[in-house]
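See structure below.
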Amino acid sequence: MITVLHAKKYYGLSRGIEDVSLEVQPGEIFGFVGPNGSGKTTLIRAMLGLISLSEGEIHLFGHPIYVGMQHHLKDVGYMPSESYFFNEMNVKSILAFFKSMQQVDELYVTRLIDVLDLDVEKKFGSLSFGNKKKVGIVIAMMHQPKLLILDEPTSGLDPRMQHVFLDLILEQKRLGKTIFLSSHMLSEIEKVCDRVALIKEGKILFTRHMTDIRKEESKRIIIWPNYQNMSLEGLTYIKDEIGCSHYTYQGDIQTLMQYLSQYRLMDLVIRNIDLEELFSVYYEKEDR
């Protein structure tokens, strides 16, 4: 569905993305994760033909993408990180405008409006940031496209609406649709994505299946006092904080406990690592 080959984009001397390559398969939810300024939005804009690459190429549905190309967009639903429409128009009129340009199932549009609890009588300019995002969601999904490209779709939504939105895209996945989900909210990536690419400073650090990521490093070990030279298969030193050392561990817990028993420890924490911490580990390794 999406193929990116050695894509580079510079804004003068400023870096947008640096040698990005990835593939998104039909029917999967692909997570694109990185901090603000890492290049996520730049890549998405290039995917849509809104900006040109400095080098490299992008294909959607097997066809090359370039600025001015539009025919592929009928099969794409795009949601930008911020929704800007016509402030003086009410939501109903905005939706009617976009419905007039494509074939939609009116019952499905009505259902989207209902489940997102969107007031279509209000003027767009009077809506909160979260409700403006809801308008963007409806417009991106109303024609039930083959490919959804979503840039930070849940920022500004309350927790209940985040859950509703994730259910909506899981439903689209069950219907065979493909979703490219750019986000820095790791909780939603963990819940719905099949694979994930981690980007930092314009470069892809890795692209992996979520199941493989979870298997790799499953425990966070915090030890008081500081010990930086522990050596055990599966035990990896991460960093020191005041009075304690952080490790990750993958392996048999009994083996770990037997190894730690030889040290004079003041305190010890062993817990499962969450996705945010796990990605922080990859960032720290890259920095080193």
Report whether or not residue 68 is assigned by TED's automatic domain parsing to the domain that holds residue 166 and surrounded by 12 or more Cβ atoms within 10 Å (Cβ to Cβ). no
If we scan region 193-204, do we find a residue that is acidic (Asp, Glu), at negative phi and outside the structural domain of residue 22 (by TED's automatic domain parsing)? no
Test: residue 73 is surrounded by fewer than 18 Cβ atoms within 10 Å (Cβ to Cβ), closer than 26 Å to residue 172 by Cβ and modelled with pLDDT under 95: yes
Return the pairs, sorted by first residue and then second, in which the second residue is assigned to a loop (DSSP other than H, G, I, E, B) and β-branched (Val, Ile, Thr), the first residue lies in region 88-105 and is closer than 14 Å to residue 140 by Cβ, the beta carbons are less than 9 Å apart, and the residues are 6+ apart or on different chains. 94/120; 95/120; 98/104
What's the number of the condition residue 37 fails, among (1) in a loop (DSSP other than H, G, I, E, B); (2) touching a Gly at 6+ places or on another chain (Cβ under 6 Å)? (2)
Need the failing condition index for residue 24 against (1) crowded, with 17+ Cβ neighbours inside 10 Å; (2) β-branched (Val, Ile, Thr); (3) without any contact (Cβ under 8 Å) to a residue 40 or more places away in the chain, just the number. (3)
Options 43, 53, 118; residue that is in contact with a strand residue (DSSP E or B) (Cβ under 6 Å, 6 or more places away or on another chain), within 26 Å of residue 184 (Cβ to Cβ), part of a loop (DSSP other than H, G, I, E, B) and of a type in the set (A, V, I, L, M, F, W, C): 53
Could you please give the count of residues in region 149-161 that are surrounded by 18 or more Cβ atoms within 10 Å (Cβ to Cβ) and either of a type outside the set (A, V, I, L, M) or part of a strand (DSSP E or B) (or both)? 7
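Output the residues belonging to region 105-131 that are basic (Lys, Arg) and closer than 17 Å to residue 163 by Cα. Please lay out each step first, then the result.
Initial filter on region 105-131 (basic (Lys, Arg)): 111, 122-123.
Correct list: 111 only.
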Is it the case that some residue within region 52-60 is farther than 19 Å from residue 178 by Cα, among the aliphatic types (A, V, I, L, M) and assigned by TED's automatic domain parsing to the domain that holds residue 182? yes
If we keep just the residues of region 187-208 that are surrounded by 17 or more Cβ atoms within 10 Å (Cβ to Cβ) and in a loop (DSSP other than H, G, I, E, B), which is farthest from the chain's Cα centre (by Cα)? 202
For region 198-209, enumerate the residues that are touching a residue at least 40 places away in the same chain (Cβ under 8 Å) and in contact with a Lys or Arg (Cβ under 8 Å, 6 or more places away or on another chain). 199, 201, 202, 207
Which residues, taken from region 209-248, are modelled with pLDDT under 90 and either assigned to a helix (DSSP H, G or I) or within 30 Å of residue 29 (Cα to Cα) (or both)? 210, 211, 212, 213, 214, 215, 216, 217, 218, 219, 220, 248
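The values are calculated or read from the model by the stated rules, or taken from the named source; none is laboratory data. If you're wondering where the values come from, they're calculated on a predicted model, not measured in any experiment. Cβ: placed from backbone, ideal geometry, glycine included. Neighbour counts: every protein chain shown.
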